[in-house]
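The structure appears below as structure tokens.
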Protein chains: 2
Amino acid sequence: MAKPLFKVSTPQEVIRELKNHLNLKEIIKNNIEIIDIKDSLDRVLAEEIIPPCNLPGFTRSTMDGYALRAEDSFGATESLPSYLRLIGEIKMGKRPELKINRGEAVKISTGGMLPEGANAVIMWEYTSKIDDTTIELRKPVAPGENILREDEDLKAGEVLLKEGHKLRPQDIGVLAGIGKVKVKVFKKPRVAIISTGNEVIPPQDEPQIGEVRDINSYTLGACVKKANGIPIYSGIVKDEANFLEQEIRKSIEKDKVEVVIISGGSSMGTRDITLEVLSKLGKPGVLVHGVSVKPGKPTIVAIVDNKPIFGLPGHPVSAMIIFSLFVQPLISWLQGGDYNDDFHQKIEAELICNVVSDPGREDYIRVVLWKENGKFYAKPILGKSGLISTMVHASGLVKIGLNIEGLKKGNKVMVKLF
Amino acid sequence: MAKPLFKVSTPQEVIRELKNHLNLKEIIKNNIEIIDIKDSLDRVLAEEIIPPCNLPGFTRSTMDGYALRAEDSFGATESLPSYLRLIGEIKMGKRPELKINRGEAVKISTGGMLPEGANAVIMWEYTSKIDDTTIELRKPVAPGENILREDEDLKAGEVLLKEGHKLRPQDIGVLAGIGKVKVKVFKKPRVAIISTGNEVIPPQDEPQIGEVRDINSYTLGACVKKANGIPIYSGIVKDEANFLEQEIRKSIEKDKVEVVIISGGSSMGTRDITLEVLSKLGKPGVLVHGVSVKPGKPTIVAIVDNKPIFGLPGHPVSAMIIFSLFVQPLISWLQGGDYNDDFHQKIEAELICNVVSDPGREDYIRVVLWKENGKFYAKPILGKSGLISTMVHASGLVKIGLNIEGLKKGNKVMVKLF
């Protein structure tokens, strides 16, 4: 038991080690698939999108009213209206057969195509129909008013969306608009989740005294899904090096995963086994052993033949926090995307009591949020990192930076929501 | 064309009308299913969760070290250590067969079960093993230190999660922890999306002059998915009352949807058709015709035999904004959940120029966000609501309230991200 305390890495160092030792390009170039745009929400583009055509593709009215030559409306007012000859109506979805000459107008609906000769639309609210062939205008319109030019939405040939862009509803709409119904995206990374521990049993089994049900596989599986990966549940492995080694090999070779998460090994014996296995599986092996994060210190990060493997702490709270710091960004990179924590949902709140923290480590405090008179308040939940219930009662986490000695009652904090 | 301008409703009035006229209980009581917890992320509980057992279920160590009677460590210091007799080791996952008497200790790993007689664990860092049967302690521990009591995480019989709670990774973990591998949740609401317009064609077709590809079905379908509903794409219906009526009936009767969205009817003719059909389909019929939202005014909201039906504006920007204001909360209620816009992702930013707005309506401004020196800035994107590209270039929306006359350069705004 007389082992030296391991040298811990800061979270920034862990991210740097991962980026330095991982050949991301090599992984993602083989992980591309073509899917229907109906299934493409939140998927990351593996191609650049350049519209082959203008949008809308022809000059359209944006209002219900009359298409006309703007010049014919100049000077029209409530007291001195102008009068135009009504020569017909534009049919939706058809190329107009008529042509507007000086002094003429044609009825048009929103989305209708402007006829030749017209350069504006006047809204019907500013007109009156005098008889079947005459309308009155009570307002002038400028050339171009109430119309969309044929390339006003999109210009053919100009880059619209870049590779690496995560598709939102409007992006999918615009793909439909240019006729692109299939799109090239990066595959969702497959992440194996291995639970270890002689005391851990599957949740459907009845625990004997001394045994506990597997919590981490389920928590982490859901975290993988939330991060847009595919969890591969590998089940529970007993605390023996050769079982663990077999399971990791099977995950990589048979299940074709891009990432392996080993969870449950918080006890020193299990950590030693994980370390032993990850050191001999391949190059470069173990990169990080211990991080300056609380809770979450006993974390192992390895890369084995370009596959990242994480030994997460066994305590469920620690496992979730370490996942969000390292595995979540990694899943994002592995599908060709960026990861920017700035854009993860945070809410500003006022802390209702002091919180202590040791400098030299990042502290993650579980808090409950509530709103009172339009303002959010955060109350820390104290409790051991072995208690999953503290995460269930919490609304989110507050980070205390590496070199900050605690926070004071009344401080403004940013709460990252789960 | 001489129709009166319709009386518009405020967004609050629309929500009130929906809540008043919808019998939500009736809908959701029949929309329950039992699913595997592995598939339950973001699903809403249709049952209360009460643990049938304590968690962890037995007293466990939270550290690697030695289990002992705390009393035997009292007074131990670096200079005056105490010595205890080492009587064995706790096997993980087993009920310990040995018992701790005065002056005795047993080796234990994180997660191991405390033996009878022990009431604390001392971390191995504060001990030395003198020989096979003797350890030295250099620090006292208090009773209860470094252990989890058998009901410290969860107490059997106490309500843990309420009906209506949306499941997060930690909630799924705790369900696994209590052996609940199947869970009762509300079904995802099915939402029919009908596009209308004689000029609208499916995206895979080549448009003739005057035709446009269907954008809204795809944008709105992705919005439905994002809101946790199931989109049912009904395709494109020509601008004729009986076609629209048939399609709505088919969606409700055959596709068994809970909500119908009709999109594309921005022109007055189409709006009239939608109004005509929704007025005669069933009770109470049309509730709202026109909302004080820009863009998005020409919105129709109806309830027909307890099915909400929305006539969304045809302009893609307007359709998305109206969806987020009314359909998104509705999808949340329909699966038994709350809807609290406070918890939707917003980022505080500084506006870089003035924006005008008329009082008496809610204005939604598309903005681009960027970060400079740790601070976010928002630049408005001006452009007609017919331009889907403005939404593609935008990062999110800024709301200008009903009675606010524009915003000034330098104002702090909350940007709701897409």
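Starting from the range B:207-229, keep only residues that are among the basic types (Lys, Arg), then list their pairs with residues that are part of a helix (DSSP H, G or I) whose Cβ atoms are within a distance under 8 Å, requiring at least 6 positions of separation or different chains.
B:ARG213/A:ALA176; B:ARG213/A:GLY177; B:LYS226/A:PRO169
Name every residue in the range A:139-167 that is within 12 Å of chain B (Cβ to nearest Cβ) and more than 22 Å from B:ILE201 (Cβ to Cβ), in order of residue number.
First, the residues of the range A:139-167 that are within 12 Å of chain B (Cβ to nearest Cβ): A:144-155, A:158-162, A:165-167.
Residues satisfying the conditions are A:GLY144, A:GLU145, A:ASN146, A:GLU158, A:VAL159, A:LEU161, A:LYS162, A:HIS165, A:LYS166, A:LEU167.
Please state which of the following conditions B:SER79 fails to meet, knowing it meets all the rest: (1) without any contact (Cβ under 8 Å) to a residue 24 or more places away in the chain; (2) surrounded by 17 or more Cβ atoms within 10 Å (Cβ to Cβ).
Answer for B:SER79: the failing condition is (2).
Just name the residue that is surrounded by the most Cβ atoms within 10 Å (Cβ to Cβ) out of those in the range A:364-379 that are within 15 Å of A:LEU407 (Cα to Cα) and over 25 Å from the mean Cα position of the chain (by Cα).
Taking the range A:364-379 first, the residues within 15 Å of A:LEU407 (Cα to Cα) are A:364-367, A:377-379.
Next, from what is left, pick out any that are over 25 Å from the mean Cα position of the chain (by Cα): A:377-379.
Details: A:TYR377: 14, A:ALA378: 29, A:LYS379: 16.
Filtering the range A:364-379 for residues that are within 15 Å of A:LEU407 (Cα to Cα) and over 25 Å from the mean Cα position of the chain (by Cα), the one surrounded by the most Cβ atoms within 10 Å (Cβ to Cβ) comes out as A:ALA378.
Scan the range A:356-377 residue by residue and report those that are within 20 Å of A:LEU325 (Cβ to Cβ) and either of a type in the set (A, V, I, L, M) or within 13 Å of chain B (Cβ to nearest Cβ) (or both). If you could, list the steps in order and put the result at the bottom.
We begin by selecting, within the range A:356-377, every residue within 20 Å of A:LEU325 (Cβ to Cβ); these are A:357-367.
The answer is A:ILE365, A:ARG366, A:VAL367.
When only residues in the range B:323-337 that are within 13 Å of chain A (Cβ to nearest Cβ) and of a type outside the set (S, T, N, Q) count, which is farthest from B:LEU45 (Cα to Cα)? Please lay out each step first, then the result.
Of the residues in the range B:323-337, the ones within 13 Å of chain A (Cβ to nearest Cβ) are B:323-324, B:327-328.
From the residues that got through so far, the ones that are of a type outside the set (S, T, N, Q) too are B:323, B:327.
Working: B:PHE323: 24, B:VAL327: 21 Å.
Taking the candidates together, the pick is B:PHE323.
Which residues, counting only those in the range A:18-39, are within 14 Å of chain B (Cβ to nearest Cβ) and surrounded by fewer than 21 Cβ atoms within 10 Å (Cβ to Cβ)? Don't jump to the end; show me each part of the working.
Just the residues of the range A:18-39 that are within 14 Å of chain B (Cβ to nearest Cβ), to begin with: A:35-39.
Listed by number, the residues that qualify are A:ILE35, A:ASP36, A:LYS38, A:ASP39.
With the requirement that a residue be more than 16 Å from the chain's Cα centre (by Cα) and hydrophobic (A, V, I, L, M, F, W, C), what does the range B:162-183 give you? So that I can check it myself, show each step before the final result.
So in the range B:162-183, the residues more than 16 Å from the chain's Cα centre (by Cα) come out as B:173-183.
Scanning the range B:162-183 gives B:VAL174, B:LEU175, B:ALA176, B:ILE178, B:VAL181, B:VAL183.
Do we find a residue being at positive phi, loosely packed, with under 15 Cβ neighbours inside 10 Å and within 49 Å of the chain's Cα centre (by Cα) anywhere in the range B:139-154? Even if it seems obvious, please write down each step before you answer.
Initially, the range B:139-154 is screened for residues at positive phi, giving B:144, B:146.
This time we only want the ones that are loosely packed, with under 15 Cβ neighbours inside 10 Å, so: B:144.
If we keep only those that are within 49 Å of the chain's Cα centre (by Cα) as well, we get B:144.
The answer is yes, given that some residue of the range B:139-154 is at positive phi, loosely packed, with under 15 Cβ neighbours inside 10 Å and within 49 Å of the chain's Cα centre (by Cα).
I'd like to check something: does the range A:130-138 contain any residue that is at the interface with chain B (Cβ under 10 Å from one of its Cβ atoms), modelled with pLDDT of 95 or more and surrounded by fewer than 20 Cβ atoms within 10 Å (Cβ to Cβ)? It would help to see each step written out before you state the result.
Let us first name the residues in the range A:130-138 that are at the interface with chain B (Cβ under 10 Å from one of its Cβ atoms), namely A:135.
So of that shortlist, the ones also modelled with pLDDT of 95 or more come out as A:135.
Restricting the remaining residues to those that are surrounded by fewer than 20 Cβ atoms within 10 Å (Cβ to Cβ) gives none.
For the range A:130-138, residues at the interface with chain B (Cβ under 10 Å from one of its Cβ atoms), modelled with pLDDT of 95 or more and surrounded by fewer than 20 Cβ atoms within 10 Å (Cβ to Cβ): absent.
Considering every residue within the range B:116-128, establish whether at least one is touching a helix residue (DSSP H, G or I) at 6+ places or on another chain (Cβ under 7 Å) and not in a strand (DSSP E or B). Even if it seems obvious, please write down each step before you answer.
Of the range B:116-128, the ones touching a helix residue (DSSP H, G or I) at 6+ places or on another chain (Cβ under 7 Å) are B:119-120, B:122.
Now drop any that are not not in a strand (DSSP E or B), which leaves B:119.
Yes: one or more hits.
Which residue out of B:SER217, B:SER251 is within 13 Å of chain A (Cβ to nearest Cβ) and of a type in the set (Gly, Ala, Ser)? Don't jump to the end; show me each part of the working.
Working: B:SER251 fails: within 13 Å of chain A (Cβ to nearest Cβ).
None of the other options fit; the residue is B:SER217.
Just name the residue that is modelled with the lowest pLDDT out of those in the range B:168-207 that are in contact with a Lys or Arg (Cβ under 7 Å, 6 or more places away or on another chain) and at the interface with another protein chain (Cβ under 7 Å from one of its Cβ atoms).
By that ranking, first place goes to B:ASN198.
Does the range A:374-387 include one or more residues that are without any contact (Cβ under 8 Å) to a residue 12 or more places away in the chain and not assigned by TED's automatic domain parsing to the domain that holds A:ARG16? Write out each step before concluding.
Just the residues of the range A:374-387 that are without any contact (Cβ under 8 Å) to a residue 12 or more places away in the chain, to begin with: A:374, A:382.
Now drop any that are not not assigned by TED's automatic domain parsing to the domain that holds A:ARG16, which leaves A:374, A:382.
For the range A:374-387, residues without any contact (Cβ under 8 Å) to a residue 12 or more places away in the chain and not assigned by TED's automatic domain parsing to the domain that holds A:ARG16: present.
Might you check whether a residue that is closer than 30 Å to B:ALA302 by Cα, β-branched (Val, Ile, Thr) and either within 14 Å of chain A (Cβ to nearest Cβ) or touching a strand residue (DSSP E or B) at 6+ places or on another chain (Cβ under 9 Å) (or both) occurs anywhere in the range B:53-67? Outline the logic, then answer.
The first filter runs over the range B:53-67 and keeps only residues closer than 30 Å to B:ALA302 by Cα, leaving none.
Looking for residues that are closer than 30 Å to B:ALA302 by Cα, β-branched (Val, Ile, Thr) and either within 14 Å of chain A (Cβ to nearest Cβ) or touching a strand residue (DSSP E or B) at 6+ places or on another chain (Cβ under 9 Å) (or both), one finds none in the range B:53-67, hence no.
How many residues does the range B:256-284 contain that are under 22 Å from B:ILE215 (Cα atoms) and either in contact with a Lys or Arg (Cβ under 6 Å, 6 or more places away or on another chain) or modelled with pLDDT of 95 or more (or both)?
6
Can you give me the number of residues within the range A:75-94 that are acidic (Asp, Glu) and not in a strand (DSSP E or B)? Give the steps one after another, and end with the answer.
Residues of the range A:75-94 that are acidic (Asp, Glu), as a first pass: A:78, A:89.
Pick out the ones that are also not in a strand (DSSP E or B) and you get A:78.
Summing the residues that are acidic (Asp, Glu) and not in a strand (DSSP E or B) in the range A:75-94 gives 1.
I'm trying to understand the selection: among the residues of the range B:220-244, which are within 11 Å of chain A (Cβ to nearest Cβ) and acidic (Asp, Glu)?
Residue satisfying the conditions is B:ASP239 alone.
Considering only residues that are in contact (Cβ under 8 Å) with a residue 60 or more places away in the chain and assigned to a strand (DSSP E or B), which ones fall in the range B:132-171?
The answer is B:ILE135, B:LEU137, B:ILE147, B:LEU148, B:LEU154, B:LEU161, B:LYS166.
Filter the range A:286-338 down to residues that are among the acidic types (Asp, Glu) and at negative phi, then give me how many there are.
From the range A:286-338, those among the acidic types (Asp, Glu) are A:305, A:338; that's our starting set.
Now restrict to residues that are at negative phi: A:338.
Counting residues in the range A:286-338 that are among the acidic types (Asp, Glu) and at negative phi gives 1.
Just one of the numbered conditions (1) buried (at least 22 other Cβ atoms within 10 Å of the Cβ); (2) free of Cβ contacts under 8 Å to residues at least 40 places away in the same chain; (3) not small (Gly, Ala, Ser) is not true of A:LYS91; which one?
Every listed condition holds for A:LYS91 apart from (1).
What is the number of the single condition among (1) more than 14 Å from chain A (Cβ to nearest Cβ); (2) touching a residue at least 60 places away in the same chain (Cβ under 8 Å); (3) surrounded by 14 or more Cβ atoms within 10 Å (Cβ to Cβ); (4) not in a loop (DSSP other than H, G, I, E, B) that B:GLU47 does not meet?
The single condition B:GLU47 does not satisfy is (4).
So which strands (runs of 3 or more DSSP E) stay within the range B:302-418 end to end and still have 3 or more residues that are out of contact with any Phe, Trp or Tyr (no Cβ under 8 Å at 6 or more places or on another chain)?
In the range B:302-418, the matching strands (runs of 3 or more DSSP E) lie at B:307-311, B:362-372, B:375-380, B:412-417.
Please tell me if B:GLN204 is among the polar types (S, T, N, Q) and under 22 Å from the mean Cα position of the chain (by Cα). Explain how you work it out, then say what you get.
Details: among the polar types (S, T, N, Q): yes; under 22 Å from the mean Cα position of the chain (by Cα): no.
Criteria not met by B:GLN204.
Which condition breaks for A:ASP72 when tested against (1) touching a helix residue (DSSP H, G or I) at 6+ places or on another chain (Cβ under 7 Å); (2) outside any strand (DSSP E or B); (3) of a type outside the set (Val, Ile, Thr)?
(1)
Tally the residues that are within 15 Å of A:ILE122 (Cα to Cα) and buried (at least 18 other Cβ atoms within 10 Å of the Cβ), restricting the search to the range A:94-111. Give the steps one after another, and end with the answer.
We begin by selecting, within the range A:94-111, every residue within 15 Å of A:ILE122 (Cα to Cα); these are A:100, A:103-111.
Applying the additional criterion that residues be buried (at least 18 other Cβ atoms within 10 Å of the Cβ) yields A:100, A:104-111.
Residues meeting the conditions: 9.
Could you list, in sequence order, the residues of the range B:301-325 that are farther than 17 Å from B:ILE230 by Cβ and either surrounded by fewer than 24 Cβ atoms within 10 Å (Cβ to Cβ) or in the same structural domain as B:HIS165 (by TED's automatic domain parsing) (or both)?
B:ILE303, B:VAL304, B:ASP305, B:ASN306, B:SER324, B:LEU325, listed by residue number.
The values are calculated or read from the model by the stated rules, or taken from the named source; none is laboratory data. Since this is a predicted model, take the numbers as computed values, not measurements. Using ideal geometry, Cβ is built from the backbone for each residue, glycine included, and neighbour counts are taken over all protein chains shown.
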